[in-house]
Amino acid sequence: MTEIYEKLEKIVTKKFISNSLIVRHAYSRVVDPLLQGIPDIVIRPKDAKEISEILKVANEENIPVVPRGGGDDEFGGSKPIGDGGIVLDMKRMNNVINLDEDNMVVTVEAGISWAKLNEFLCHFDLYTGCMGPGSGMTASVGGGISHQSVGGGGCAKYGSCTNQLVSLEVVLPTGDIIETGSQANKFSQTPFNRFGNGPDLAGLFCGDNGILGVKTKISLQVFPRPPYAAYKTFVLPRKDREVSSQIMLDVRRKGIDVYDLMYIMGIIVLLSSEFGLMPMWEHLKKNRGIIFYTVEANSEAELEEKVKQLDEIIVNNNKCDPIGPEISDGNIAKWHYAEQGHWQFYHNLWGVVPALEPLSCECFVPANMYPKYLNEIDQWDMAHSEDLNKFTKITGQRPVSGSGPIFLIDGNNVELTCGFTSFPSYYNGEIHEEFDEINLRLWKSYMEMVTKWGAQWYMMGQMASQIMVEVEAYLPDYYKTLKAIKKTLDPKYILSRGKFNFWED
Ligand SMILES: Cc1cc2nc3c(=O)[nH]c(=O)nc-3n(C[C@H](O)[C@H](O)[C@H](O)COP(=O)(O)OP(=O)(O)OC[C@H]3O[C@@H](n4cnc5c(N)ncnc54)[C@H](O)[C@@H]3O)c2cc1C
């Protein structure tokens, strides 16, 4: 390993590589505290050329490499699967390369965060439309494209961040460097269109979870932020699951270009207010769900008309009670849009009681199906009571299962943020090893249930990509084709080895 370390050190210089125990451990986990893989080396390249050289060394030496942006993955995606290998930290590559104001296309290095990019764009009255994921303060644009991320605001209007993708520069696992879309033509002056010059190769890398190449340069469409916006929050009547789903379908059927539309379950409102995480909901402690919308417009008249149509659906047709206009009234919609709450929201929720171990199962499902799935989550909880109660005996509290926010994304689909919050094995000064075993078993069982709904995973990491294979959810010819693509681009399975159960042959 010393010889390999020296070869890599020559590429990035001494300052940007480490094999110290503390650094290796710092990069051994992502958000879930269950899965760990300790790398041998952590390296921080400055550009595509250095990454290409690193990958060539990794191929020569047959060492797996996992790319890592913000490290906000929830399913073990940006740390090694098993110990060993190299973590390629992309966060040094965090600059805006160019803003083409005429054509409204921005080009960035892949490690830049959504917050830094949008902070830059707001000086030009522009934004990215889909503001990336809810973790956008730290999560990178490269990580977002690798996950098809959605959720950091604007996703009912703009859909996933991959919708706004124009072109990519990608270092392939063998070290070759390609550009996609308009940039596949060496005579192109500037990135301007994703489609054309042959098949949509950029699409191959969208949602690849880092298995097919390292994204180094990303061009995105950007949009003018409209001057007018309205944001309102409502308490749902009983049967809040069904009613909220109906509202989403009605809004789509009416063709109103709502910017965000989100349902939050009663239990989340209750717990968030009870534990002071969302103090503005203090007066809503009645275990009733809420729904909120944000809508944008270019004139007051346009805004008024959209608000009228939305209120007709939400208040008149579906009998919801509006909450006052201020954040202190509980109007989370205002905080979410006007104060960038969309990037803070989940950080609060992730810590919801018992505040310890979020084992999430986020997925996409059709908007008309989620009430049924929420009922199945309740049944899952009851069916696993014996296991869940084992925690209660020691901690005095039962893990909480259910769903966080459910919000409209592209088309008539929603992102369903479900899962459970549990306790880690280190609790109250003692180690309870059985906790890890139960948590992993329950998490897998939850993921299996979600997979068998036919839900779509977007962030797959170690867990979801392997579950899909283990429960034989992939159509055999799909999986065969995916494997063939992987093998063609990455003959030694260097990148993110083990995801989708792609191991060395
Ligand atoms: C509080 C919180 C809120 C969240 N909210 C959302 C949400 O609303 N919506 C959502 O979609 N997700 C959400 N997530 C999950 C996650 O943060 C996002 O999916 C995010 O886009 C990941 O970006 P990242 O830079 O942190 O990626 P990482 O975790 O670093 O990596 C994610 C995956 O992409 C690969 N990768 C990273 N960079 C590159 C690159 N340059 N080239 C190739 N592969 C790469 C990694 O190998 C890994 O497989 C949330 C997470 C947290 C902790």
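The values are calculated or read from the model by the stated rules, or taken from the named source; none is laboratory data. Because the structure is predicted, anything quoted here is derived from the model rather than measured. Every residue, glycine among them, receives a Cβ derived from its backbone with ideal geometry; neighbour counts consider all protein chains shown. Surface areas here come from the heavy atoms of the whole protein model, side chains and all, with no ligands, DNA or RNA. Shrake-Rupley method; radii C 1.70, N 1.55, O 1.52, S 1.80 Å.
In this model, which of K157/K452; K14/K49; K393/K452 are farther than 21 Å apart at the alpha-carbon? Table pairs above 21 Å Cα-Cα are K157/K452; K393/K452. The residue among A484, V471, N428 whose Cα reaches farthest toward the positive pole of the charge dipole of segment 424-485, with charges on the beta-carbon of Lys, Arg, Asp and Glu, is A484. The mean accessible area for residues of segment 354-453, using a 1.4 Å probe and ignoring ligands and nucleic acids, is 41 Å² per residue. Under the simplified labelling scheme, the D321-E434 pair shows an inter-label distance of 4.4 nm, with each label point 7 Å from Cα along Cα→Cβ. Rounded to whole numbers, the Karplus 3J(HN,Hα) couplings from phi for segment 240-252 are 4, 5, 5, 5, 5, 5, 4, 4, 4, 5, 5, 5, 5 Hz, using 6.51 cos²θ - 1.76 cosθ + 1.60 with θ = phi - 60°, and x at Gly and Pro.
The string of couplings for segment 395-404 from the Karplus curve (6.51, -1.76, 1.60, θ = phi - 60°) is 9, x, 10, 8, x, 9, 10, x, 10, x Hz, one whole number per residue in order, with x for Gly and Pro. Dipole magnitude for segment 417-479: computed about the Cα centre from +1 point charges on Lys and Arg Cβ and -1 point charges on Asp and Glu Cβ, it is near 280 debye. The I4 and D47 beta-carbon pair, evaluated with R₀ = 22 Å, returns a calculated FRET efficiency of approximately 0.55. Which percent of the accessible area of the chain is formed by carbon and sulfur heavy atoms (probe 1.4 angstrom)? C and S fraction of accessible area: 51 percent. How large, in Å, is segment 228-346 by the Kirkwood hydrodynamic radius built from its alpha-carbon pairs? Final number for the Kirkwood radius of segment 228-346 is 14.3 Å. Across the cross-link table entries K7/K116; K308/K372; K254/K334; K306/K334; K215/K499, which are compared at the Cα atoms, the separations over 25 Å belong to K7/K116; K308/K372. Ignoring lysines fewer than eight residues from K390 along the same chain, the ones with Cα atoms less than 23 angstrom from its Cα are K444.
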